[in-house]
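Student: One structure, as structure tokens, below. Some questions next.
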Amino acid sequence: MKVRVDVDACVGAGQCVLAAPDVFDQRDEDGMVVLLVEDPPAELEAATEHAALLCPALAIVVEK
Amino acid sequence: MSETTIGVTSFPTTRDSSCPFDPPAEYAELRAQEGTASLACPVGVNARVVSRYADVRAVLSDPNLSSHAAPSTHVVADGQLDRPVAPGSLLHMDGPDHARLRRLLTPEFTVKRIQAMRPYIQGLVDDHVDALLARTGPVDLVQDFALPIPSLVICELLGVDYGDRDRFQEQTAVLIGTNSDPEALQRANAEVVGFMTQLVLAKMAAPGDDLLGRLIVRARENGQELSVEELVTLGITLLIAGHETTANMIGLSTLALLRQPDQLAALRADPGLAGTAVDEMLRYLSIVHFGVLRQATGGVTIGDETIKAGEWLVAALSAGNRDESVFPDPDRIDLRRGATAHLAFGYGIHQCLGQQLARVELQEVFARLHQRIPTLRLAVPFEEVEFKDHALVYGVRALPVTWDVEDDR
Ligand code: HEM
Ligand code: SF4
């Protein structure tokens with residue numbers, strides 16, 4: 001699985017951090033998304049997909 | 001394009017008489033039919049009502065929509081649809097202006113920052129439970145629990161001095177209360193604006209380590225200094241958006257849970273359930289119950305319909321949250337549902353900025369109130385509880401509750 005985030009689209013709602021804290025974080029200075037791992041291991045795939053589904057700004061793209 | 005009016009000539013505002021927690025029955029019909037319906041709104045225009053979950057999300061992430069009359073001006077009979085957007089009014093701004101301001105505020109609402117407030121919020125909830133237990137019922141849970149907790153959280157967030165918190169709380173209670181007469185309301189409004197202006201001026205002169213102080217410094221450093229007017233508007237936006245909503249959620253969800261003893265028992269037995277329980281109750285109750293209003297600024301596509309520039313559109317959050325294709329058996333409370341993808345906080349670029357804070361407040365209430373007062377119950381017959389049918393944020397006017405004295409712990 002490959003993950004990309006679009007920081008310009010992000011609105012800092014933090015949904016991704018709640019859903020997959022091992023994959024996403026928020027920058028302290030502006031609250032925008034930080035991708036912690038670009039290719040999450042199998043056990044984090046479901047949470048990563050859920051984060052992409054939750055993101056209100058469509059800022060997370062997941063490729064299988 | 002379908003011009004359906006499903007037996008109602010105006011926007012559905014009456015709830016299903018069989019259950020005060022359910023959205024108007026018309027929404028289920030709306031979801032089932034082809035296309036969207038055009039409904040006459042009390043404000044005097046027709047709006048397309050979007051009621052299916054997928055359509056609500058699609059519409060609210062469309063860039064060709066303006067929020068200038070958000071959130072729910074459509075149901076306000078003397079509402080102004082063309083009021084100019086006040087500087088600093090985040091809810092009403094569009095495009096790059098909105099993004100710039102939202103980005104200045106976002107660091108204050110990150111998951112991490114809000115988690116750091118959890119111990120404070122825990123203490124606050126415990127103090128208010130202590131105060132309830134120091135009395136004998138019945139008490140009004142709205143007045144003595146649901147309203148003060150979010151109010152004090154906002155004080156903490158904004159950096160209101162401890163000595164001023166009582167006064168601030170009294171004024172905002174009038175502002176948000178539903179029993180206030182128009183004159184008292186006007187007076188409280190003027191006082192809150194005055195209070196916020198003083199607060200902003202003080203923080204501008206000596207920015208402290210609180211939301212307003214940090215915001216002022218951050219904006220200066222980014223070369224986007226905010227004016228007094230913008231900061232006051234922002235402060236009041238946070239106050240109203242964060243106080244009324246959370247307070248109504250506390251009151252209404254407590255009532256709904258008291259009506260579902262099996263679910264309540266599960267929560268009491270396992271306070272760890274509070275996390276998913278909060279999202280399920282947000283979904284089930286959808287307290288921003290008239291949905292959010294938008295105006296198209298260009299073509300907006302919903303299924304095979306196109307909404308033209310200038311047309312009005314209502315994303316019915318409560319209808320989407322009961323969409324059976326996403327939430328099976330949607331009219332049932334299931335605290336284990338894991339309903340995190342609900343629409344109660346909206347969707348798209350305006351999705352609730354304070355949602356992590358609201359979640360933590362509600363989680364602490366859910367985990368503690370029923371644990372510590374296991375015999376908590378209504379002190380009046382259910383039929384006597386009054387609901388805020390016409391308020392923009394749904395809730396109960398008062399919630400008289402009582403408990404057994406042995407609960408004192
Ligand atoms: C249960 C509690 C809450 C609910 C149900 C709720 C609901 C909502 C909804 C539906 C919106 C979107 C409105 C639209 O799209 O037009 C919104 C926006 C907003 N909320 Fe909340 N809210 C809650 C708590 C809070 C709290 C605690 C705060 C802050 C302290 C807050 C601050 C805001 C702000 C600033 C916006 C505007 C965001 C923007 O326009 O970018 N809310 N809220
Ligand atoms: S969920 Fe989306 S908008 Fe929210 S912080 Fe993550 S990437 Fe940004």
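Student: Quick one: if the Förster radius is 30 Å, what FRET efficiency do A:D6 and B:N64 give, using the C-beta to C-beta distance and rounding to 0.05?
Tutor: Working: r = 19 Å, r/R0 = 0.63.
Taking R0 as 30 Å, the efficiency between A:D6 and B:N64 is 0.95.
Student: Order these by the 10 Å Cβ neighbour count, fewest first: B:Y162, B:Y284, B:Y394. Please list the in-between numbers first.
Tutor: Working: B:Y162 8, B:Y284 27, B:Y394 24.
Sorted ascending by nearby Cβ count, the order is B:Y162, B:Y394, B:Y284.
Student: Whole number please: convex hull volume per residue of the Cα set in the stretch A:2-63, in Å³? Walk me through the numbers on the way to the answer.
Tutor: Details: hull volume 4.1 nm³, N = 62.
So the per-residue hull volume is 66 Å³.
Student: Given the rule -39500 (n - 2.57) for each run of at least 4 DSSP H residues, summed and divided by the residues of chain B, what is its mean residue ellipticity at 222 nm, to the nearest 500 deg cm²/dmol? Before the final figure, lay out the partial values.
Tutor: Details: 14 runs with 179 residues, N = 409.
Rounded to the nearest 500, it is -14000 deg cm²/dmol.
Student: A:D39 versus B:Q224, label points 7 Å from Cα toward the beta carbon: distance in nm?
Tutor: That separation, rounded to one decimal, is 3.6 nm.
Student: In deg cm²/dmol, rounded to 500, what helix-only [θ] at 222 nm does chain A give when every DSSP H run of at least 4 residues adds -39500 (n - 2.57) and the total is split over its residues? Intermediate values should be presented prior to the final figure.
Tutor: Details: 2 runs with 18 residues, N = 64.
Value at 222 nm, helices only: -8000 deg cm²/dmol.
Student: Now a separate question. Which three lengths, in whole Å and largest first, does the stretch B:3-402 cover when its Cα atoms are put on their principal axes?
Tutor: For the stretch B:3-402, the Cα spread along each principal axis is 56, 55, 41 Å.
Student: I'd like the per residue volume of the convex hull spanned by the Cα atoms of the stretch B:58-98, given in cubic angstrom.
Tutor: Details: hull volume 3.2 nm³, N = 41.
Cα convex hull per residue, to the nearest whole number: 77 Å³.
Student: Also, I was wondering about something else. Taking Rh as the Kirkwood radius, which is the inverse of the mean 1/r over Cα pairs, what is the Rg/Rh value for the stretch B:313-390?
Tutor: Numbers: Rg = 15.8 Å, Rh = 15.6 Å.
Using only Cα positions, Rg/Rh for the stretch B:313-390 is 1.01.
Student: So how much slack lies between B:H390 and B:V193, counting 0.36 nm per residue of separation and subtracting their Cα-Cα distance, in nm? Intermediate values should be presented prior to the final figure.
Tutor: Values: separation 197, 0.36 × 197 = 70.92 nm, distance 2.51 nm.
Gain on stretching B:H390 to B:V193: 68.4 nm.
Student: Then there is this: For B:R100 and B:T375, what does the FRET efficiency come to when R0 = 45 Å and r is the distance between their Cβ atoms, rounded to the nearest 0.05? It would help to have the intermediate numbers written out before the result.
Tutor: Numbers: r = 51 Å, r/R0 = 1.14.
Efficiency, from the Cβ-Cβ distance: 0.30.
Student: Which net charge results for the neighbourhood of B:G88, defined as the other residues with beta-carbon distances under 10 angstrom from its beta-carbon, given Lys and Arg at +1 and Asp and Glu at -1? Walk me through the intermediate numbers first.
Tutor: Working: positive: none; negative: B:E229, B:E230.
Spelling it out: positives minus negatives among the neighbours equals -2.
Student: Report, in order of residue number, the helices in chain B meeting two criteria: a C-alpha extent of 27 Å or more along the helix axis, and a mean Kyte-Doolittle hydropathy of at least 0.5; treat each whole DSSP H run as one helix. Working shown, then result.
Tutor: Numbers: long enough: B:182-205 (34 Å, 0.46); B:228-258 (45 Å, 1.19).
Answer set is B:228-258.
Student: Calculate one ³J(HN,Hα) per residue across the stretch B:305-310 by plugging θ = phi - 60° into the Karplus curve 6.51 cos²θ - 1.76 cosθ + 1.60, and present them in order as whole Hz with x for glycine and proline.
Tutor: 9, 10, 8, 8, 3, x
Student: Could I have the simple spin-label model distance between B:K112 and B:A77, label points 7 Å from Cα toward Cβ, reported in nm to one decimal?
Tutor: 5.1 nm
Student: Above 30 angstrom, tally the Cα pairs of the protein assembly as shown and express them as a % of all pairs, no decimals. Don't skip to the answer; put the middle values down first.
Tutor: Details: 50969 of 111628 pairs.
Summing the P(r) of the protein assembly as shown above 30 Å gives 46 percent of all pairs.
Student: Right, another one. Is the C-alpha gyration tensor of the stretch B:17-130 telling us rounded, prolate or oblate? Criteria: a/c under 1.5 is rounded; beyond that, a/b larger than b/c is prolate, otherwise oblate. Display every interim value, and only then the final one.
Tutor: Details: a/c = 1.97, a/b = 1.35, b/c = 1.45.
It comes out oblate by the Cα gyration axes.
Student: Same structure, new question: Roughly how many nanometres apart are two label points built 7 Å out from the Cα toward the Cβ at B:D181 and B:Q33?
Tutor: Inter-label distance under the simple model: 4.5 nm.
Student: For chain B, set up a GNM with springs between Cα atoms under 10 Å and report which of B:H390, B:H74, B:H243 has the largest fluctuation.
Tutor: Its mean-square fluctuation being the largest, the pick is B:H390.
Student: At 0.36 nm per residue, minus the direct Cα-Cα distance, what do B:V45 and B:E170 gain on full extension? Give it in nm, one decimal, please.
Tutor: On the way: separation 125, 0.36 × 125 = 45.00 nm, distance 3.70 nm.
Contour length minus the Cα-Cα distance gives 41.3 nm.
Student: Something else: Could you list B:S253, B:S72 in order of exposure, starting from the residue whose Cβ has the fewest other Cβ atoms within 10 Å? All intermediate terms of the calculation are to be shown ahead of the outcome.
Tutor: Working: B:S253 25, B:S72 21.
Exposure proxy ranking, most exposed first: B:S72, B:S253.
Student: I've got another one for you. Taking chain A as the reference, fit the longest principal axis to its C-alpha atoms, fit the long axis of helix A:42-54 to the helix C-alpha atoms, and give the angle between the two in degrees, 0 to 90, nearest 10.
Tutor: 40 degrees
Student: Provide A:L58, B:L369, B:L252 in ascending order of the number of other Cβ atoms located within 10 Å of each residue's Cβ, fewest first. Please list the in-between numbers first.
Tutor: Working: A:L58 14, B:L369 23, B:L252 26.
In order of increasing Cβ crowding within 10 Å: A:L58, B:L369, B:L252.
Student: Still on this structure, I have one more. At a Förster radius of 30 Å, what calculated FRET efficiency corresponds to the Cβ-Cβ distance of B:Y162 and B:R397, to the nearest 0.05? Write out the running numbers ahead of the final one.
Tutor: Values: r = 30 Å, r/R0 = 1.00.
Taking R0 as 30 Å, the efficiency between B:Y162 and B:R397 is 0.50.
Every read-out reported here was derived from the displayed coordinates using simple, explicitly stated rules and does not represent laboratory data. Remember, predicted model here, so these are calculated numbers, not experimental data. Glycine gets a Cβ as well: all are built from the backbone with ideal geometry, and neighbour counts include every protein chain shown.
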